[in-house]
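Take a look at the structure below.
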Amino acid sequence: MLAIVPSATLLGVEGRPVAVECQVSNGLPGFTVVGLPDTACREARDRVRAALISSGLTWPQRKVTVNLAPSGIRKTGGGLDLPIAIALLVANDELDAESIAGVAFLGELGLDGSVRRVPGTVPLVEAIAARTVVVPLDCGAEAGLVGGPDVRGAATLKSLVECLKGEEVWPALPRFHAEPAPPGPDLADVRGQEVGRAAVEVAAAGGHHLLLSGPPGAGKTMLARRLPGLLPPLDRDDSLVATRIHSAAGLALPQGLVTTAPFRAPHHGASLVSLIGGGTGWIRPGEISLSHAGVLFMDEMGEFPPTVLDSLRQPLEEGVVRVCRARATVAFPARFLLVGATNPCPCGRGDDLCRCTVNARAKYARRFSGPLLDRFDLRVVVGKPNVDELLRGGRGETSATVAERVAEARRRARERGVRCNAELPARLLDYSVPLTASASSLLEHKLRTNGLSARGLHRVRRVARTLADLAGDGDVVGDEHVCLALSLRAEPRLGEETW
Amino acid sequence: MSEAYAAALAALPKIGPVRLRQYLDRWTPEEAWAAAGDRGVDVDQRWEAYKDAGVAVHVLGRDGYPPSLADDPEAPAVLFSVGDLAALDGPRVAIIGSRRCTRYGRDVAFDLGRDLANAGVHVLSGLALGIDGAAHLGVLAAGDGAAPPAAVVGSGLDVVYPRAHARLWRQVAEAGVVLSEAPLGARPEPWRFPARNRILAALADVVVVVESRAKGGSFHTVQAADQRGVSVMAVPGPVRSPVSCYTNELLVSGSAPARDVDDVLVALDLLGRGPKRGRALRGDGTSSEAAASPDDPHQAALLEAMGWQPASLDQLVVRTGLSPGQASVALARLEMGGWVVGQAGWWEQVRKDAPAK
C-alpha cells in the first residue's frame with residue numbers, strides 16, 4: 001500500500017516542497033529512508049517508531065520504505081517526522097487516504113508522541129501548495145503570519161490522528177501577544193558626545209555605515225545600541241523578508257512579524273560562517289542576514305579576524321550574500337547598516353598617552369583593509385565625555401525627536417527613488433546633490449590637495465545630502481553640510497606610516 | 001681582493017661588529033678568513049652580489065674608508081655604502097628623534113633638514129619612521145646646491161626597513177649616501193639599531209634631538225655622542241607632551257636648545273650660512289599667535305581651543321560650544337588657509353608658514 005504526503009524542507013531561508021512517499025510491503029520487517037536525508041532526518045526512523053508505539057498506534061511488522069522526493073535536494077532536520085508518520089499510518093491502513101487529501105504536514109516527533117516545533121515554519125509553510133497544513137501547535141501563530149494555506153495545529157500525534165478521523169475538534173491556534181516590545185535604550189541618556197550623536201543620527205537617516213573610534217569608556221557601544229531606536233519601522237516587504245530569515249534561523253518571533261529594525265551584535269570570536277551564513281548540511285543564514293533591514297554592530301571590530309572582516313565587503317556592496325556549497329547555492333538577503341566600534345590602538349588610549357609600539361599600532365591599523373574602510377561613509381573619532389557634561393549636562397534630544405527627523409529624511413530620500421541616501425547612484429549625484437559655489441570650491445580644494453579620492457567625493461556628497469535633509473534645508477547643499485560630511489569621514493590613521 | 005674577504009667575514013653568523021674589529025685589527029681579511037671563515041662559502045660569488053647591488057665595501061685602515069669615521073674608537077671594521085661618500089665631506093648634523101612623533105616634531109625636523117641642507121650642512125639620520133624620515137624629506141625638499149644627505153641604517157643595504165620608506169631610501173641613496181655596517185641580506189634585528197646609533201653619533205659634529213620619549217631610542221645616540229664629546233642639542237617642546245619628555249630633560253641637564261637652523265649653525269660655528277629666515281620671523285612676531293590669528297571669530301576660537309596639541313572634532317565642539325557643523329566649516333577654512341592640518345579625525349595647529357606637505 002502506498003501513501004504520499006506533501007511537506008517541505010528548508011534550503012537557506014526558503015522552503016522547498018517535498019513529497020513524502022511511504023510504501024508498506026511484504027518482506028523482512030525493516031524501515032528504510034531514502035532520498036538524501038541528513039543525519040537528523042535519517043534518525044526519524046527511531047522517533048517515528050517510538051511515537052507510534054507510545055500513541056497506541058500499530059507499528060507494522062512488514063517492510064517499510066520511505067522516499068523523500070525530489071531526491072536531489074538534501075532534506076534537513078526533524079521537520080519531516082510528522083509527514084513520515086502520517087504517510088506510514090495511511091500506508092498501513094490506520095488512516096483513510098481521504099482524511100488527509102490536500103493536507104500537508106510539518107513537525108518533529110518526540111518519543112512520547114508529542115509534536116515539536118521546527119525552525120523555519122514561515123518559509124516552510126509558504127512553500128507548501130496544499131490547501132491545509134498541519135504544524136506543531138507551538139508554531140501555529142508563526143505559520144499563520146504570511147498567509148497561504150489554512151493552518152491547523154497539532155500537539156500530539158494521538159490527538160492529530162483523532163482530529164483527522166473527525167473524532168475530535170482541531171485545537172485553537174495560539175496567538176501572538178499584542179503587547180508592544182519594550183522600547184530600546186534612549187538617545188537622551190547619552191551625555192555630551194555631540195559629534196557621536198550627530199553621527200548616529202546621520203547613519204540612521206542616510207543608511208551610511210558608521211565606524212566609531214575612541215578609547216574604552218567613550219560611549220561607542222552606548223551610541224551604537226541607540227541606533228535601531230532611530231530607524232523607522234520596517235515596510236511590508238522588509239518585514240516579510242526579515243521574518244522569513246529569523247524563522248529559518250530558528251529565532252523566536254515573540255511579536256509575530258519582525259516590524260522593528262533588528263539589531264545584532266556578534267562577538268569578535270565569530271567565525272566566518274556564523275557571520276556570512278553556511279554550515280554543513282543545513283545552510284543557515286549568518287549574522288549579516290539576521291540583521292537584514294537592521295543594524296549589524298561589530299564591537300571591537302579590530303579584534304575580528306581580517307578574513308572575516310573582508311568577507312563583509314561583497315554583501316555590503318550588493319545587499320545579498322551568495323553561499324555556495326557543492327550541493328547547493330543559496331542567496332541570503334543581507335542589506336544591513338554596519339556599525340563598527342574600535343579602539344584607536346591595542347592599548348586603547350589613542351593619541352598622546354598611548355604606550356603601544358609603532359609596529360603594534362601599524363599592525364592594528366592593517367586589520368582594517370583599505371577597501372573595507374572605504375565602505376564606511378562615516379568614520380568618527382569619539383572621545384571620553386568631559387566631567388562637567390557627564391555630571392551637570394542636561395539630557396539631550398530623545399530618540400523619538402530624532403527618529404522624526406530621520407523619518408522625514410528617509411521620506412525625502414524615497415522621493416529621489418532610493419530607500420536612503422547611501423544608495424544614491426553616482427550618476428544621480430549631480431542632479432540630487434547640487435552644491436553651492438563655495439561648497440564645490442571647497443571640495444575642489446580637497447580633491448586637489450589629495451585630501452579626498454574620487455570615491456570619497458561621492459560618499460561625502462551623499463552624507464552631505466543626508467545632513468541637509470536632516471536640517472530640513474532646501475535642495476542645494478551648502479558649506480556647513482559639506483564640511484561636516486568631510487569632518488565625519490576622518491581619513492583612516494594609515495597615512496601616519498608613510499613618515 | 002681584501003674587500004671581498006672582509007665582506008664575507010662580516011656576513012659570518014657568529015661574528016658581530018666587535019669580534020670583526022678584533023680580527024681585522026690583528027689580521028688581514030685574507031688571514032682572518034683562512035682562520036675563521038666558512039669553507040662552504042664561495043667568496044668570489046658573494047663579491048659578485050655586492051658588485052651587482054652597487055654596494056661599495058670599505059675596510060677600516062684601507063683606502064676609501066670614510067676618514068671622518070676612521071678615528072673613532074668603535075669604528076666599524078667593515079662599512080658598506082650605496083651612493084657617493086662625498087656626502088660625508090663637510091659639516092654634519094644628525095637629526096634624530098621618536099618614530100611616533102607629533103605634527104610639531106615632523107615640521108621642526110622637516111624645516112631643520114631643509115634649512116641645514118641649504119646652509120651647506122650634511123644632514124645625517126637613520127631613515128626610521130617619524131623624525132628621521134621627516135628630516136630627510138626636508139633635505140630632499142631643499143633647493144639646488146644643497147648639501148647631500150647621508151643615512152646610516154641598521155639592516156643590510158638590500159633589506160629596506162621600514163618598508164614604508166622604500167622610496168625615501170632610494171632618493172637618499174641617489175642624492176647622497178646610505179651607510180650600514182650590516183652585510184647584504186642582514187635582517188633589521190633589534191640589536192643593530194643601538195649599534196647603528198653609535199655610527200651616527202661618531203659621524204656627526206652635532207646631534208639634534210627633535211622629539212623623544214623618556215625611554216626613546218634617541219637615548220643611545222645621545223649617550224654615544226656624550227662619550228665622543230659630540231655636542232647634543234634638543235628642540236624644546238611642550239612640557240606636558242610625552243614625546244618631548246626626553247628633549248626637555250636634555251635641556252635641563254645642559255644641552256643647548258635648537259629652536260631653528262640658526263641655533264644649530266651657531267653650535268657648528270657657521271652662522272651666516274643660514275637662510276636668515278627663522279630668526280627674522282621670530283623677531284617680527286608673524287609666526288607667534290598674537291599678530292597672526294584669523295579674522296573669523298569661530299576660527300579664532302577654534303585655534304585658541306586647539307592650542308598646540310592634537311584635538312578631535314568632538315573635543316573642539318565641547319571646548320568652543322560651537323555646533324559640529326559650524327566647527328567643521330571653520331576648520332575647513334582654517335585648513336585651506338594653512339592654519340591647521342587634519343588627519344585621521346585629529347586636528348593640529350601648524351605654523352602659518354609651515355610648508356604644505
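The values are calculated or read from the model by the stated rules, or taken from the named source; none is laboratory data. Bear in mind the structure is a predicted one, so any value in this text is a computation, not a measurement. Neighbour counts are summed over all protein chains in view; Cβ atoms, including those assigned to glycine, are modelled from backbone coordinates with ideal geometry.
Brief remarks on what is shown
- Among the residues of segment A:272-292, those that are at pLDDT below 90 and assigned to a loop (DSSP other than H, G, I, E, B) comprise A:GLY279, A:THR280, A:GLY281, A:TRP282, A:ILE283.
- Here B:PRO242 fulfils each of the conditions (1) within 14 Å of chain A (Cβ to nearest Cβ); (2) within 18 Å of the chain's Cα centre (by Cα) apart from (2).
- Flag for B:GLY90 being surrounded by fewer than 21 Cβ atoms within 10 Å (Cβ to Cβ), assigned by TED's automatic domain parsing to the domain that holds B:ALA182 and either within 22 Å of the chain's Cα centre (by Cα) or free of Cβ contacts under 8 Å to residues at least 60 places away in the same chain (or both): yes
- Any pair with Cβ under 8 angstrom, 6 or more apart, that starts in segment B:62-80 at a residue that is without any contact (Cβ under 8 Å) to a residue 60 or more places away in the chain and ends at one that is buried (at least 16 other Cβ atoms within 10 Å of the Cβ) and assigned to a loop (DSSP other than H, G, I, E, B): B:ALA70/B:LEU60
- Restricting segment A:361-373 to residues that are part of a helix (DSSP H, G or I), surrounded by 18 or more Cβ atoms within 10 Å (Cβ to Cβ) and not basic (Lys, Arg) leaves a set whose member that is farthest from the other protein chains (Cβ to nearest Cβ) is A:LEU372.
- Failed condition for B:VAL123, given (1) part of a loop (DSSP other than H, G, I, E, B); (2) touching a Gly at 6+ places or on another chain (Cβ under 6 Å); (3) more than 14 Å from chain A (Cβ to nearest Cβ); (4) hydrophobic (A, V, I, L, M, F, W, C): (1)
- Restricting A:GLY56, A:GLY107 to residues that are more than 23 Å from the chain's Cα centre (by Cα), touching a residue at least 40 places away in the same chain (Cβ under 8 Å) and surrounded by fewer than 23 Cβ atoms within 10 Å (Cβ to Cβ) narrows the list to A:GLY56.
- Considering A:ARG412, A:ARG455, A:ARG392, the condition of being more than 12 Å from chain B (Cβ to nearest Cβ), more than 30 Å from A:ARG349 (Cβ to Cβ), exposed (fewer than 14 other Cβ atoms within 10 Å of the Cβ) and modelled with pLDDT under 90 is satisfied by A:ARG455 alone.
- Condition met for B:ASP115 (more than 13 Å from every other protein chain (Cβ to nearest Cβ), touching a residue at least 12 places away in the same chain (Cβ under 8 Å), touching a Leu at 6+ places or on another chain (Cβ under 6 Å) and not β-branched (Val, Ile, Thr)): no
- Residue count, segment A:178-206 (criterion: surrounded by fewer than 24 Cβ atoms within 10 Å (Cβ to Cβ), away from chain B (no Cβ under 14 Å) and either part of a loop (DSSP other than H, G, I, E, B) or touching a strand residue (DSSP E or B) at 6+ places or on another chain (Cβ under 9 Å) (or both)): 9
Okay, residues lined up against (1) assigned to a helix (DSSP H, G or I); (2) at pLDDT 90 or above; (3) not assigned by TED's automatic domain parsing to the domain that holds B:HIS122:
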position: B:VAL178; (1), (2), (3): no, yes, no
position: B:PRO190; (1), (2), (3): no, no, no
position: B:ARG196; (1), (2), (3): yes, yes, no
position: B:ALA201; (1), (2), (3): yes, yes, no
position: B:MET233; (1), (2), (3): no, yes, no
position: B:ASP269; (1), (2), (3): no, no, no
position: B:LYS276; (1), (2), (3): no, no, no
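- Screening B:GLY105 on (1) more than 12 Å from the chain's Cα centre (by Cα); (2) modelled with pLDDT under 90; (3) not charged (D, E, K, R) shows it passes everything except condition (1).
- Residue pairs whose Cβ atoms lie under 8 Å apart, separated by 6 or more positions or on different chains, with the first residue in segment B:178-195 and closer than 19 Å to B:HIS165 by Cβ and the second part of a loop (DSSP other than H, G, I, E, B) and of a type in the set (Asp, Glu), are B:LEU184/B:ASP158; B:GLY185/B:ASP158.
- Restricting segment A:1-52 to residues that are more than 34 Å from the chain's Cα centre (by Cα) and of a type in the set (Asp, Glu), the residue that is nearest to A:ASN67 (Cα to Cα): A:GLU21
- All conditions in (1) outside the structural domain of A:ARG335 (by TED's automatic domain parsing); (2) within 20 Å of the chain's Cα centre (by Cα); (3) within 30 Å of A:SER399 (Cα to Cα) hold for A:HIS209, with the sole exception of (1).
- Residue that is farthest from A:ALA468 (Cα to Cα) [pool: residues in segment B:310-325 that are assigned to a helix (DSSP H, G or I) and more than 7 Å from chain A (Cβ to nearest Cβ)]: B:ARG319
- Selection from segment B:45-87 of residues that are surrounded by 13 or more Cβ atoms within 10 Å (Cβ to Cβ), among the polar types (S, T, N, Q) and either in a helix (DSSP H, G or I) or assigned by TED's automatic domain parsing to the domain that holds B:ASP158 (or both): B:SER68
- Only one of A:ARG131, A:ARG175 that is surrounded by fewer than 17 Cβ atoms within 10 Å (Cβ to Cβ) and in contact with a strand residue (DSSP E or B) (Cβ under 7 Å, 6 or more places away or on another chain): A:ARG131
- Only one entry of B:VAL93, B:VAL41 meets the criterion of being part of a loop (DSSP other than H, G, I, E, B) and over 21 Å from B:VAL160 (Cα atoms), and that entry is B:VAL41.
- When A:VAL406, A:VAL402, A:VAL380 are checked against the criterion of being within 25 Å of A:ALA490 (Cα to Cα), in contact (Cβ under 8 Å) with a residue 24 or more places away in the chain and either within 14 Å of chain B (Cβ to nearest Cβ) or in contact with a strand residue (DSSP E or B) (Cβ under 8 Å, 6 or more places away or on another chain) (or both), a single residue qualifies: A:VAL380.
- Residue in segment A:300-327 that is surrounded by the most Cβ atoms within 10 Å (Cβ to Cβ), counting only those that are among the hydrophobic types (A, V, I, L, M, F, W, C) and touching a Leu at 6+ places or on another chain (Cβ under 6 Å): A:LEU309
- Members of segment B:141-160 found to be touching a residue at least 24 places away in the same chain (Cβ under 8 Å), over 14 Å from the mean Cα position of the chain (by Cα) and under 25 Å from B:GLY16 (Cα atoms), listed by number: B:SER155, B:GLY156, B:LEU157, B:ASP158, B:VAL159
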